[in-house]
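Have a look at the structure below before the remarks.
Derivation of every value follows stated rules applied to the coordinates shown; laboratory data play no part. If you're wondering where the values come from, they're calculated on a predicted model, not measured in any experiment. Cβ sites come from the backbone with ideal geometry, for glycine too, and all protein chains shown count toward neighbours.
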Ligand code: KIV
């Protein structure tokens, strides 16, 4: 059996200042290309609802679909960590519901599951991690709450919000989360939280000071139609193949040239 990269290795990389490279992935062929280009974590994101299925949010994605895509990605890769999203409605009801569904994703080939939410999810994280399921907690802009948040907007600009995000990050670390993912969070805040935590942080629109980065593959390969978020860079530009584009992304994350300032948000709007 091939050994996949473990949570322990990611903590070590974060401690040593080596950036962690994550990319979303939904099938076996892309998994092989991404792994070959040096991606260390393949995220089967529920973004598949938008970029693969054509919905206008992630909300319709089902457990059955997440299991299927997780199996595909696991079959196509050998070394990268496989991280799978718990979709909307599959974990919010109770820690027991979360465990049942997380166990299905682990059986499908995931080594870690991701869930969205702050304080209200800390007990669920504790329930999962104390039963052997590694968790990545997604904070900041949590797309499954798009209707509650009033749109896809930057989170954590106000002082109270910043204090809350720091507190929730600590809670999730305490609860046993192996990793935090910050989406659309001011770079100053993500950097400050990363500096005080012992676990790695992954940013998407959260600045270069996170322990690593993630992008949605359809965005960075420039195949998703429609408006691009500020934090997206088109890595197909200048690349001769998908493999080259992914390798350019890996290099840019490792040498910290991505994200540049223009891909980030500040606590000061503008
Ligand atoms: O679903 C997804 O692809 C994600 C990324 C935006 C981080 O959660």
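Within the stretch 10-38, restricting attention to residues that are in a loop (DSSP other than H, G, I, E, B) and out of contact with any helix residue (DSSP H, G or I) (no Cβ under 6 Å at 6 or more places or on another chain), which residue is nearest to the ligand (Cβ to nearest atom)?
18
With the checklist (1) in contact with a helix residue (DSSP H, G or I) (Cβ under 7 Å, 6 or more places away or on another chain); (2) part of a helix (DSSP H, G or I) in hand, flag the one item residue 110 doesn't pass.
(2)
Every residue in the stretch 188-215 that is out of contact with any helix residue (DSSP H, G or I) (no Cβ under 6 Å at 6 or more places or on another chain), over 18 Å from residue 18 (Cβ atoms) and either in contact (Cβ under 8 Å) with a residue 40 or more places away in the chain or away from the ligand (no atom under 15 Å from the Cβ) (or both), please.
188, 192, 196, 205, 215
One residue is enough: does the stretch 89-101 have a residue meeting the conditions touching a strand residue (DSSP E or B) at 6+ places or on another chain (Cβ under 6 Å) and either in contact (Cβ under 8 Å) with a residue 40 or more places away in the chain or not in a loop (DSSP other than H, G, I, E, B) (or both)?
Within the stretch 89-101, none of the residues are touching a strand residue (DSSP E or B) at 6+ places or on another chain (Cβ under 6 Å) and either in contact (Cβ under 8 Å) with a residue 40 or more places away in the chain or not in a loop (DSSP other than H, G, I, E, B) (or both).
Is it the case that some residue within the stretch 245-262 is outside any loop (DSSP other than H, G, I, E, B), farther than 24 Å from residue 31 by Cβ and either out of contact with any helix residue (DSSP H, G or I) (no Cβ under 8 Å at 6 or more places or on another chain) or away from the ligand (no atom under 14 Å from the Cβ) (or both)?
Yes, the conditions are met somewhere in the stretch 245-262.
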